[in-house]
Amino acid sequence: MMPENLILRGGRIIDPACGRDEIGDLYVRDGLITGPYDENEGRVIDATGMVVCPGLTDIHVHFREPGQTHKENIRTGTMAAAAGGFTSVICMPNTSPPCDNAGTIQYIHDAIQKNAVVRVYTTGCLTRGMEGAALAPIGSLKKAGIVAVTDDGKCVQNNALMRQVATYSKMFDLPVMDHCQDSSLTEGSVMHEGDWSLRLGLKGWPAAAEDIIVARNIIIAELTGAHIHMQHVSSADSVELLRQAKKKGISVSGEASPHHISLTDKYLGGYDPLFKMNPPLRSEIHRLALIEGLRDGTLDCIATDHAPHRDYEKDVELDAAPFGIVGLETALPVCLETLHRGAGFSLPKVIELMTSKPAQLMNLDAGTLSEGAAADIAIIDTELEWTPSRAEFHSRSHNSPWLGVPLKGRAVTTIVAGFVVYDHGTVFATEE
């Protein structure tokens with residue numbers, strides 16, 4: 001099946017990668033962005049009053065395939081991505097079995113080829129079995145097609161092994177993505193260590209557990225020259241450590257998640273497991289520091305850490321509930337509210353944090369509307385008011401604190417390689 005020729009008429013075209021922000025028409029031919037042509041040659045989509053921008057890029061999602069497909073799979077995860085305006089995502093390797101060998105990577109690539117609605121990139125493990133004891137075969141994983149290495153969900157505690165990981169990753173030109181957590185400080189912890197953990201009588205998770213590993217990774221990045229990316233940064237001191245490291249020219253980067261920039265630990269006041277995250281929601285001081293880190297470029301991008309869990313897994317006492325929430329379908333309105341309307345970020349700045357910046361960071365061929373680029377496009381109604389519901393969610397899981405909460409702003413159409421894969425509530429996907 002060939003992609004349609006499309007003319008997106010009269011939208012506000014925002015392409016931060018090219019510095020473009022203007023009202024105009026965008027042309028798609030043979031799956032690529034092209035120059036103007038006669039409107040009789042393509043289907044016209046009226047984008048008047050809408051924002052037309054590169055499809056969003058998320059470098060941190062969990063699609064749970066193989067082994068945990070009761071929570072999510074490639075098909076449902078990419079349907080959720082399309083509904084959120086995302087056209088490119090990077091999935092994490094903490095599957096069952098984990099992605100520490102070329103065979104598992106090939107299995108996932110086959111599933112992507114068969115079932116994905118948007119572009120999906122894979123990562124490989126840092127260590128065998130994600131056990132933090134022995135180096136994974138990074139070279140063979142690179143040949144199998146991964147774009148980065150990470151033990152996301154776990155953090156390598158052995159500093160010598162982390163140095164070895166960084167050295168090999170540098171050799172294979174692969175970014176290292178790290179979940180920064182000193183596990184000796186967080187055993188049994190369920191929420192941020194602070195006033196609210198004292199009030200609630202819950203074991204606190206100190207921000208220092210993140211700061212220690214961020215500092216370690218900065219030192220190793222400087223020592224080895226490897227690019228180490230800090231996942232879901234949540235601590236004010238971690239932001240400052242990254243700020244100073246970047247001033248020194250060290251090859252480090254960081255991401256912030258929509259929930260960490262919009263919510264705080266006070267939301268755990270009702271003992272609701274939907275607000276149980278890893279790293280945990282922190283206090284207002286930390287939340288504001290993340291926003292300032294995004295504003296000045298210390299933090300490079302937004303990433304959802306989309307982490308599906310079924311209702312029966314979350315509907316238990318807080319101590320026993322798993323960490324994480326789904327985020328692909330609500331990330332855009334949450335970021336528009338928190339950063340654009342709440343913190344004064346320009347609309348192009350917010351779009352940059354969700355398109356060109358993450359794509360460039362992970363060396364993906366994505367995040368631009370330049371002529372000749374793949375026609376991966378999101379059409380966004382920034383004023384559309386809607387309320388997420390279970391019936392509307394395309395993810396297989398519904399563990400979101402934004403269910404039933406009115407939001408403003410939404411992708412109304414998502415295009416991948418010239419194919420309309422999502423339009424006004426409907427995902428166009430193959431049947432299972």
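Just so you know, all these numbers are worked out from the coordinates, no wet-lab data involved. Please read these numbers as outputs of a predicted model, since none were measured by experiment. Using ideal geometry, Cβ is built from the backbone for each residue, glycine included, and neighbour counts are taken over all protein chains shown.
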Sort M50, M2, M177 so the one with the fewest other Cβ atoms within 10 Å of its own Cβ comes first.
-> M2, M50, M177
Expressed as an acute angle from 0 to 90° and rounded to the nearest 10, what is the orientation of the C-alpha long axis of helix 102-115 relative to the principal long axis of the chain?
-> 30 degrees
So how far, in whole Å, is the C-alpha centre of segment 250-285 from the one of segment 177-215?
-> 11 Å
Once you have the Cα-Cα distance between A134 and E222, take 0.36 nm times their residue separation minus that, and quote the gain in nm to one decimal.
-> 29.4 nm
How long is the gain from D182 to D38 if the chain were fully straight, where each residue apart is worth 0.36 nm and the alpha carbon distance is subtracted?
-> 45.9 nm
Extension gain from R310 to H424, taking 0.36 nm per residue of separation minus the Cα-Cα distance | 38.5 nm
Among the chymotrypsin sites (Phe, Trp or Tyr not before Pro) within segment 115-201, which fall in a DSSP loop and have no more than 15 other Cβ atoms within 10 Å of their own Cβ?
-> F172
Sorted by average packing, counted as other Cβ atoms within 10 angstrom per residue and highest first, what order do 212-218, 355-361 take?
-> 355-361, 212-218
In segment 216-374, lysine pairs with alpha-carbon atoms under 18 angstrom apart (chain gap of 8 or more, or interchain) = 4
Given a cut-off of under 8 Å on Cα pairs at least six residues apart, what relative contact order in percent is computed for the chain?
-> 20 percent
Given a Förster distance of 35 Å, the FRET efficiency implied by the Cβ-Cβ spacing of T167 and A320, rounded to the nearest 0.05, works out to 0.35
Quickly rank 340-352, 65-77, 29-41 as a protection proxy: mean count of other C-beta atoms within 10 Å, highest first.
-> 65-77, 340-352, 29-41
